[in-house]
Amino acid sequence: MKIILSIILIYHAVSGCYSKISQADKLLLDVYMETRCPDTQVFIDDQLVPVTKLLGNYVEVTLYPYGKAEEKFVGNKWEFICQHGPLECQGNTILACAISMTNQSIYVPFTSCLMRDLNPLSNFRSCCEQFKLDLNLVNKCFQGQKGNELQHHYALATSSLVPKLVYIPWIILNKVYTQANQDQAATNLKALICKHIKVPPPPECS
Ligand SMILES: *[C@@H]1O[C@H](CO)[C@@H](O)[C@H](O)[C@H]1NC(C)=O
C-alpha cells in the first residue's frame with residue numbers, strides 16, 4: 001500500500017514538471033490596442049511577442065483591436081470611425097477575425113506581422129501564409145457580417161472599461177487597471193508577469 005502511494009506521489013511530482021498550470025492559475029493580460037499605432041506596435045514587438053513566447057503557459061493574453069474607435073449603427077450594420085482612418089478599422093477587423101480563429105501563440109505574433117507595415121492590408125496575405133491561417137476564411141470574416149459583429153463586440157468591451165482608457169495600448173492585469181502595472185508592462189512586461197505569477201516562479205522568470 002505504502003509503495004503504491006509512493007509511486008503515485010512520485011508520478012504526480014514528476015508529471016507536475018511537465019504539466020501546464022490550470023486555467024484558474026493563469027494571469028489575465030488584457031491589451032486594448034489598434035493597428036496603425038506606433039505605440040501599440042512597439043509594445044507588441046518589444047514586450048508582448050517575447051513574453052507570450054516565454055511565459056505563455058502562465059498568462060492568458062486577450063487583445064482588443066479597437067482602440068479609440070467609435071461606432072454607429074447604420075442600416076443593417078455597424079460603421080466605425082477610427083483614429084488613424086479607415087485602414088486602421090480594416091486592420092482592426094482583420095485582427096478580430098484572426099483572433100477568433102486561433103490561440104494566443106498564433107494571434108500575438110500574427111498581430112506583430114500585420115502591424116509591421118502602416119498599411120495593415122499590405123502584409124495580410126503573407127502573414128496568413130506565415131501563420132497558416134486560411135486567407136479565404138479570414139477574408140470572408142473580414143469583409144462580412146462576422147467581422148462587423150466582432151468589432152462591435154470589441155466596441156462594447158472597450159466602452160465598458162472602468163476607468164475609461166486614456167492611452168493606447170491600455171494594459172490591464174487581472175481585470176484591474178493600475179497606472180503602475182501599465183507603466184511596468186510598457187517597459188518590462190516580463191518582470192510584471194513574473195511578479196504576479198500565482199504558482200512558484202518558473203525557471204523562465206530567473
Ligand atoms: C495553438 O495553435 C497552434 C496551431 O493550431 C497549435 O499547434 C498549438 O498547439 C496551440 N497551442 C495551444 C496552447 O493550444
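The values are calculated or read from the model by the stated rules, or taken from the named source; none is laboratory data. The structure presented is a predicted model; accordingly, all values stated were derived computationally and were not measured. No Cβ is skipped: glycine too gets one built from the backbone with ideal geometry, and neighbour counts run over all protein chains shown.
Annotations for the structure displayed:
- Applying the set (1) within 14 Å of the ligand (Cβ to nearest atom); (2) in contact (Cβ under 8 Å) with a residue 40 or more places away in the chain to Ile44 leaves exactly one unmet item: (1).
- Consider region 85-120 and keep the residues that are among the β-branched types (Val, Ile, Thr) and under 12 Å from Cys141 (Cα atoms). The one that is surrounded by the fewest Cβ atoms within 10 Å (Cβ to Cβ) is Ile99.
- Out of Ile21, Ile44, one residue alone is modelled with pLDDT under 95 and either β-branched (Val, Ile, Thr) or surrounded by 15 or more Cβ atoms within 10 Å (Cβ to Cβ) (or both). It is Ile21.
- Complete set of residues in region 132-143 that are in a loop (DSSP other than H, G, I, E, B) and over 10 Å from Ala98 (Cα atoms): Lys132
- Within region 24-37, being modelled with pLDDT of 95 or more and either exposed (fewer than 10 other Cβ atoms within 10 Å of the Cβ) or of a type in the set (Phe, Trp, Tyr) (or both) holds for one residue alone: Tyr32.
- The criterion of at least 1 residues that are within 12 Å of Val108 (Cβ to Cβ) is met by the following strands (runs of 3 or more DSSP E) wholly inside region 22-76: 27-33, 59-65.
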